[in-house]
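**Student:** Sending over a structure as structure tokens; questions will come in a sec.
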């Protein structure tokens, strides 16, 4: 029970920090010189948040339940709408970061940051509003 509340507190704290970081970056976007660093930081922080939330929601049990009927799935089934949409958005996240490794213009990385921020906010909304 304590671990469950700890994971919830950690995940919500990370969400607040991530949204605050996105907001502050947009607020001070004229001062940002290295968009690649911001992009990598946002991507890595978002990936860590995704792992914490998946563990919090016992998503690993949902994946195990696909092959073993005796396992009770987690909060979301592995073949649910939320899982499918977040998997597709996660793939787009990877493509944005990988494309920024190839196209190294600051203006391109700025737009990839914007796209990545929108995708991460969408994933947060999908998962957290589904919990209500």
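**Student:** Checking residue 94 against (1) in contact with a helix residue (DSSP H, G or I) (Cβ under 7 Å, 6 or more places away or on another chain); (2) outside any loop (DSSP other than H, G, I, E, B), which single condition isn't satisfied?
**Tutor:** For residue 94, the exception is condition (1).
**Student:** Only residues that are over 27 Å from residue 114 (Cβ atoms) and assigned to a helix (DSSP H, G or I): list them for the stretch 51-64, please. Talk me through it step by step, then tell me what you get.
**Tutor:** Let us first name the residues in the stretch 51-64 that are over 27 Å from residue 114 (Cβ atoms), namely 55-64.
Passing the criteria: 55, 56, 59, 60, 61, 62, 63, 64.
**Student:** Separate question: Scanning the stretch 76-91 for residues that are without any contact (Cβ under 8 Å) to a residue 40 or more places away in the chain, surrounded by 15 or more Cβ atoms within 10 Å (Cβ to Cβ) and within 16 Å of the chain's Cα centre (by Cα), which turns out farthest from residue 132 (Cα to Cα)?
**Tutor:** The selected residue is 89.
**Student:** Here's something else I'd like to know. Could you check residue 112 against (1) modelled with pLDDT of 95 or more; (2) under 15 Å from residue 54 (Cα atoms) and say which number it fails?
**Tutor:** Result: residue 112 passes all but (2).
**Student:** Do we find that residue 19 is closer than 21 Å to residue 129 by Cβ, out of contact with any strand residue (DSSP E or B) (no Cβ under 9 Å at 6 or more places or on another chain) and in contact (Cβ under 8 Å) with a residue 12 or more places away in the chain in this structure?
**Tutor:** So residue 19 passes the test.
**Student:** Next question. Among the residues of the stretch 97-129, write down those that are farther than 20 Å from residue 20 by Cα, in contact (Cβ under 8 Å) with a residue 24 or more places away in the chain and surrounded by 15 or more Cβ atoms within 10 Å (Cβ to Cβ).
**Tutor:** Scanning the stretch 97-129 gives 97, 100.
**Student:** Here's something else I'd like to know. Among residues belonging to the stretch 11-50 that are assigned to a helix (DSSP H, G or I) and loosely packed, with under 11 Cβ neighbours inside 10 Å, point out the one that is nearest to the chain's Cα centre (by Cα).
**Tutor:** Among those residues, the one meeting the criterion is 16.
The values are calculated or read from the model by the stated rules, or taken from the named source; none is laboratory data. Here the structure is a predicted model, which is why all the values come from computation and not from measurement. Here Cβ is always computed from backbone atoms with ideal geometry, including for glycine, and neighbour counts include all displayed protein chains.
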